[in-house]
Amino acid sequence: MTSLAYPEGVEPTPPGPPGRTLPPLPDLPAPPAVPNTPPGWYSDPWGMAEWRWWDGWAWTGHVSINPERKPKLPGWLSWPVVVGLLFAVPLTAFIAFGDPLAVVLAFIPMIIVGPVLFWLDRVEPEPLQSRIHAFLWGGTISGVVAGTINSIVYAASSETVAAVFSAPLTEESMKTLGIIWALRRKEIDGVMDGVVYAGWVALGFAVVENFLYFSDAASQDVLVQTVIVRGFMTPFAHPLFTAWSGLAIGWAVARRTSVAVALTWGLPLAIFSHGAWNGALSVAEENENVLLVAIPGFVLLFLSAGIAVAMIRKREQGHFLRLVPMLANRYGLTAQEIAIFGQWRTMLSTRKRLPKNQRKSFDQVHGNLARLAALHNRPGDLDSAAEAVLVSRLRRARAGE
């Protein structure tokens, strides 16, 4: 076991007193899995469930309560995603065989939107396997179900009806289910988590949807124009539509209110913004002047949404920094760790100065501290069971295991 060695030159700051009276720190049993234990499902050491996923480094939040059957899938998969992959993979392979360039270009939104989602997620980084699952959900379940329904509506009515009514309703509903699945796994702690998972689900959907759009555009010899519009000019469209659902879910979780009630405004806003976008594009095919009004309007909408998300991130960053002194007192952080994690710029610059082989442990320390901060920031009683899991992970990360 080697402790995480931080660079020198960071002046410590005093931890300060806790902001409120807290229950005693949970008495944590030693994790039964040892280093070099392969990833898999094992008996939950805290007894909160029958099985808990060990990722090869530490215990995760993925649990199963079925005492008779050990789950077979890792955290980045689920049975709905597996079923979706059975349909999505052959379709992708077929498109790649006929037009491999279309598949390669379809990942352009990921190159543009992905770094933004990582930046938004920097305050409380989500596990990589959870982000992969969200991306796969969008590219499989959302794409397959919505694509099937939209094709039926298109065949029974018209392209306009499918684009303006069917697509927004089915696509946003299926993408929202992907966020709800993350909620079911207890991966959403607040508003920013909801927005981040919405972004990854929507990005997965956008990439797979581009397979079809770019392949069709190549057959009509308009691939360059389509790539410019969908890949470079509007890569944030789907993430911003679905962000309304993610915002509603995260808002409800942060305030411990009904998610179903929150979705009565979040999901309709996602559907409406998606439908308005598709409607403007459909009308513009016959009257190009519509774009002179629609495009500036949507640019303003997207900028407003971007500013709102940035403000939410700034607020959650502030919550984390304000709780660092209390976290230090409760979990025994060193003076050097307090100095690093108590100042945002210091934390980022420290990470850059660390050797690459220590950055994973640093990110694990930061991630678990941020999730503990989110746990303490919720109204109501502290969830001691969830705290026990996070403290165990924090201790392993601080030891640099």
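The values are calculated or read from the model by the stated rules, or taken from the named source; none is laboratory data. Fair warning: this is a prediction, and the values are worked out from it, not measured in the lab. Here the Cβ positions follow ideal geometry from the backbone for every residue, glycine too, while neighbour counts run over all protein chains shown.
Below, the figures for the structure above:
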read-out: Complete set of residues in region 164-193 that are hydroxyl-bearing (Ser, Thr, Tyr) and in contact (Cβ under 8 Å) with a residue 60 or more places away in the chain; value: SER173, THR176
read-out: Residues that are of a type in the set (Gly, Ala, Ser) and either more than 20 Å from the chain's Cα centre (by Cα) or closer than 16 Å to SER304 by Cβ (or both), drawn from region 247-287; value: SER258, ALA270, SER273, GLY275, ALA276, GLY279, ALA280, SER282, ALA284
read-out: Some residue of region 158-177 being polar (S, T, N, Q) and farther than 19 Å from ALA202 by Cα; value: yes
read-out: Selected residue (criterion: surrounded by the fewest Cβ atoms within 10 Å (Cβ to Cβ)) from residues of region 305-359 that are more than 16 Å from ALA370 (Cβ to Cβ) and β-branched (Val, Ile, Thr); value: ILE307
read-out: ARG351 vs. criteria modelled with pLDDT of 80 or more and not in a loop (DSSP other than H, G, I, E, B); value: yes
read-out: Flag for LEU73 being part of a loop (DSSP other than H, G, I, E, B), of a type outside the set (S, T, N, Q), surrounded by fewer than 19 Cβ atoms within 10 Å (Cβ to Cβ) and at pLDDT 75 or above; value: yes
read-out: Check on SER245, modelled with pLDDT of 90 or more and surrounded by fewer than 19 Cβ atoms within 10 Å (Cβ to Cβ); value: no
read-out: Single match in ALA373, ALA386 (criterion: crowded, with 17+ Cβ neighbours inside 10 Å, in contact with a helix residue (DSSP H, G or I) (Cβ under 7 Å, 6 or more places away or on another chain) and at pLDDT 85 or above); value: ALA373
read-out: Total residues in region 216-230, condition assigned to a helix (DSSP H, G or I) and either of a type in the set (Lys, Arg) or surrounded by fewer than 21 Cβ atoms within 10 Å (Cβ to Cβ) (or both); value: 10
read-out: Any chance ASP193 is within 25 Å of PRO268 (Cα to Cα) and not in a helix (DSSP H, G or I); value: no
read-out: Residue among GLY342, GLY332 that alone is at positive phi and out of contact with any Gly (no Cβ under 8 Å at 6 or more places or on another chain); value: GLY332
read-out: Close pairs from region 194-219: first touching a residue at least 40 places away in the same chain (Cβ under 8 Å), partner surrounded by 23 or more Cβ atoms within 10 Å (Cβ to Cβ) and of a type in the set (Lys, Arg), Cβ under 7 Å, at least 6 apart; value: TRP200/ARG131; VAL201/LYS175; ALA202/LYS175; PHE205/LYS175
read-out: Positions within region 97-111 being farther than 13 Å from ARG230 by Cβ and surrounded by 16 or more Cβ atoms within 10 Å (Cβ to Cβ), in sequence order; value: ASP99, VAL103
read-out: Any hit, region 330-339, residues being closer than 18 Å to GLU316 by Cβ and either touching a residue at least 40 places away in the same chain (Cβ under 8 Å) or β-branched (Val, Ile, Thr) (or both); value: no
read-out: Considering residues of region 167-210 that are at pLDDT 95 or above and among the polar types (S, T, N, Q) only, the residue farthest from the chain's Cα centre (by Cα); value: THR170
